[in-house]
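Read through the structure below, which is laid out as structure tokens, and then see the notes.
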Amino acid sequence: MTDLDRALDENRAAVDDMIVAGERAVDRWLTPRGRGKWSPSQVVEHVARALEESAHLIAGRPSKLPSLPRFLRPAVRVLFFNRVLKTGRMGKAKTVAAMDPADGPATPAAGRARLEQALSGFDRECRARADASAPVDSGVFGVVPLSDYVAFQRLHTRHHIAQMSS
């Protein structure tokens, strides 16, 4: 099993866990967990958007993910991306407008379908990119190994599962 296969399997497990967390949150699916916070539905939409836009990035298509000046990317990679991979924790951060959902899927079942669709596209593009054996050139982090980028997505998903459970 390659590093990428392992990372994709772990990412799949994180999305599966998010689906279960969503099903457990059925009684508060559309209710934000606090003032200025997202509902479980919005959390699912945010993660689905992140997976979709990451798939676009990996495929070399236009993406709504932010893009920083090239000279800043190495610093962001070291101070944020590498730290997240090392510690396994995202920390607090604001998202960009394109990833900030006003609403999300109407039910946990619709949330499952939304996540499955986004994950399928992400997985497909990662595997296609692996065939080309090229790293990912992120507009935020710069050039990073594909398996590390997938691991970052897994940690992002796990970060939001914790929010859905509280």
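Read-outs throughout are calculated quantities, based only on the coordinates presented, and are distinct from any laboratory measurement. What you see is a predicted model; the values in this text were computed from it and never measured. For neighbour counting, all protein chains shown are included, and Cβ atoms are generated from backbone atoms with ideal geometry for every residue, glycine included.
Within the range 15-116, considering only helices (runs of 4 or more DSSP H) that don't extend past its boundaries, which have at least 2 residues that are farther than 23 Å from L146 by Cβ and under 14 Å from the mean Cα position of the chain (by Cα)?
40-59
Please pick out the residue among A128, A151, A110, A106 that is within 24 Å of D16 (Cα to Cα) and without any contact (Cβ under 8 Å) to a residue 12 or more places away in the chain.
It is A110.
For residues in the range 65-105 being among the aromatic types (F, W, Y) and out of contact with any strand residue (DSSP E or B) (no Cβ under 8 Å at 6 or more places or on another chain), which is surrounded by the fewest Cβ atoms within 10 Å (Cβ to Cβ)?
The selected residue is F71.
Which condition from (1) part of a helix (DSSP H, G or I); (2) surrounded by fewer than 21 Cβ atoms within 10 Å (Cβ to Cβ) is the one that A7 breaks?
Single failed check for A7: (2).
Would you mention how many residues in the range 118-137 are hydrophobic (A, V, I, L, M, F, W, C) and either over 18 Å from F152 (Cβ atoms) or over 18 Å from the mean Cα position of the chain (by Cα) (or both)?
4
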